[in-house]
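Asks: Please find one structure pasted underneath; my questions will follow.
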Amino acid sequence: MSRYLVTITPPTPNGDLHLGHMAGPFLAADVFAKVRKMLGDEVVLLSYADDYQSYMARKGEESGEHWLDLSRDNTRKIEKTMLAMGIDADHFMHSGENGFFIGRVQQHLNALAEKGVIKRVEGAVPYDQELEKYGYEAFARGTCPECGYSTDPSQCENCACYPDAGLMANLHSPITKKPLEVVKMTRLAVDMRALSGVLKDHYIKHPARRQLGAFIDQHVFSGYDQMWPIERTGDAGIPVEFEGADILVSTWFSGLAGYEAALTEYWARKMRPAQAERFWREGDAKVAHFLGFDCSYSHALIYPAIASLVHENPPEIYHYTNAFLKLDNEDFSTSRNYAIWAGEFVAEHGVDAVRFFLAIKAPEEVPENFSLKEFLAWKDEYLRIGKSLLSVNTAGVSLSLSLAEAFARWRSVVDKSGFSMRSYASFIWDLFASFSQSSDELERQEKAALIAMLSGPLLPDLSKQMASEYLASLYGRLLAGATAPLTAEALAECEAF
Ligand SMILES: [Zn+2]
């Protein structure tokens, strides 16, 4: 048994969640957490509202409401939508004015300062004379000097780099649309060169997979030595102290602190506060971060480094990134209200159908497109097969080599190092298709039994309806025998349990 902390990148609570959020980290993290529980691991799935994000300050100014009131309203909607989607987060922290959170950010800043990683550096910051705003995030946009994509100056929304505002072309205010000037400012920054050793050690032990691999090669193994400013003078940020002065630090610096604080708050509410520190102390912990690729700078460079510097026995850290889902080939947008809202959609179409289709379409490597027409055609087929699955009697299915082989294939697509929700969904959809196409009764029973036993993390309703004590015991025997090689002897071993 392993102990896992599974995290979903904190949503900005400036609106509800749409299908794009779901097809990204939300659903994948939930499916992963449910799979690990099914394999016998101890798992806590959590996230929190990113209340100190500069976009909340902007939304508050635009609407005339206090940013914290806005956040609380939207956080309630977000939690309700997660529940409706079958996403069983163990805890969803409200980070605004939360002592656990602010204390943890302070602790991380102090630890990095003690190790000599925090420096004061002069750098370029966009400034809006008209609105009297600094443009770290929500109040400036421009062209990324690395990839040429339009982004705010915090983390490039396309290539995930930290763009130096002094090198960004076309800097302008997203509010007035007018050009912005750049001022020089001295701020606290993380010296990335000082982190290079711990990051190299980390990625040699746990090589990054998929699209993150190239990013890690560029930022860890190619002599990268940027200074990454973390202070947010004159904008939103987490209030902490540094050398006796009150300062604000960026929400991007504070994500690991947020996950740690959420774990602390989770165990505190369960009246077992020591459990949270035990998780970080005992050296057998695993952390699985689910994130949009655009959040890679903080999650893949800063957080593993902080974890190595603040914890005596740092956890094994895994990253699962995603690209964007598009809606009829255009970007989803909360601010332009161009979206399909997840709560309304799932109320109309049912949890399983929405989860299954989004998992099949998950933009794990490259952007994918959602089309309502395609979904509706697929849903008809899914409902037809689902109905016929419920009429199958699976009580006579016995352990066979084909069952053990299918179980081993399932294990390989859900394995922690190569986990892919998309491959898992394809695996289950292939079982649906072969069940539907087969006219052999025994084969149909076996496929139905596999769907009932292995689809639970993806299709909570259908698997519950198909469940039986007999199938639970069959699954137990498959799981117990799964460590042995797949031979006739292994099968005999499965039978022995
Ligand atoms: Zn870029």
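The values are calculated or read from the model by the stated rules, or taken from the named source; none is laboratory data. Given the structure is predicted, the values throughout are model-derived calculations rather than measurements. Note: ideal-geometry Cβ built from the backbone for every residue, glycine included; neighbour counts use all protein chains shown.
Asks: Identify, please: which residue in the range 338-397 is of a type in the set (A, V, I, L, M, F, W, C) and assigned to a loop (DSSP other than H, G, I, E, B) and is, among those, surrounded by the fewest Cβ atoms within 10 Å (Cβ to Cβ)?
Replies: Among those that are of a type in the set (A, V, I, L, M, F, W, C) and assigned to a loop (DSSP other than H, G, I, E, B), it is VAL366.
Asks: Tally up the residues in the range 267-293 that are out of contact with any helix residue (DSSP H, G or I) (no Cβ under 6 Å at 6 or more places or on another chain) and surrounded by fewer than 19 Cβ atoms within 10 Å (Cβ to Cβ), please.
Replies: Total satisfying the criteria: 13.
Asks: Within the range 116-155, track down each residue that is among the polar types (S, T, N, Q) and either closer than 13 Å to ASP235 by Cα or within 16 Å of the ligand (Cβ to nearest atom) (or both). Don't jump to the end; show me each part of the working.
Replies: First, pick out the residues of the range 116-155 that are among the polar types (S, T, N, Q): 129, 143, 150-151, 154-155.
Passing the criteria: THR143, SER150, THR151, SER154, GLN155.
Let's see how each residue does on (1) within 16 Å of the ligand (Cβ to nearest atom); (2) within 20 Å of TYR55 (Cα to Cα):
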site: ASN158; (1), (2): yes, yes
site: CYS161; (1), (2): yes, yes
site: LEU167; (1), (2): yes, no
site: LYS177; (1), (2): no, yes
site: LYS184; (1), (2): no, no
site: VAL190; (1), (2): no, no
site: ARG193; (1), (2): no, no
site: LYS205; (1), (2): no, no
site: ALA208; (1), (2): no, no
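Asks: Is it true that some residue in the range 300-316 is touching a Lys or Arg at 6+ places or on another chain (Cβ under 9 Å) and part of a strand (DSSP E or B)?
Replies: Checking the range 300-316: at least one residue is touching a Lys or Arg at 6+ places or on another chain (Cβ under 9 Å) and part of a strand (DSSP E or B).
Asks: From the set of residues in the range 57-93 that are assigned to a loop (DSSP other than H, G, I, E, B) and either β-branched (Val, Ile, Thr) or touching a Gly at 6+ places or on another chain (Cβ under 7 Å) (or both), which is farthest from VAL43 (Cα to Cα)?
Replies: So, considering only residues that are assigned to a loop (DSSP other than H, G, I, E, B) and either β-branched (Val, Ile, Thr) or touching a Gly at 6+ places or on another chain (Cβ under 7 Å) (or both), the one farthest from VAL43 (Cα to Cα) is HIS66.
Asks: Let me ask something else about it. Among what's in the range 322-337 and is in a loop (DSSP other than H, G, I, E, B) and polar (S, T, N, Q), pick the residue that is farthest from LEU372 (Cα to Cα).
Replies: So the residue we want is SER335.
Asks: I've got another one for you. Restrict the check to the range 96-109 and report whether at least one residue is at pLDDT 95 or above, closer than 24 Å to TRP341 by Cα, aliphatic (A, V, I, L, M) and touching an Asp or Glu at 6+ places or on another chain (Cβ under 9 Å).
Replies: No, there is no match, as no residue in the range 96-109 is at pLDDT 95 or above, closer than 24 Å to TRP341 by Cα, aliphatic (A, V, I, L, M) and touching an Asp or Glu at 6+ places or on another chain (Cβ under 9 Å).
Asks: Being out of contact with any Gly (no Cβ under 8 Å at 6 or more places or on another chain) and within 26 Å of ASP51 (Cβ to Cβ) is the filter here, so list the residues in the range 126-140 that pass it.
Replies: Correct list: LEU131, GLU132, GLY135, TYR136, GLU137, ALA138, PHE139, ALA140.
Asks: So ARG104 ticks every box in (1) surrounded by fewer than 20 Cβ atoms within 10 Å (Cβ to Cβ); (2) closer than 21 Å to HIS311 by Cβ; (3) not β-branched (Val, Ile, Thr) but one. Which box is left unticked?
Replies: Of (1) surrounded by fewer than 20 Cβ atoms within 10 Å (Cβ to Cβ); (2) closer than 21 Å to HIS311 by Cβ; (3) not β-branched (Val, Ile, Thr), only one is false for ARG104: (1).
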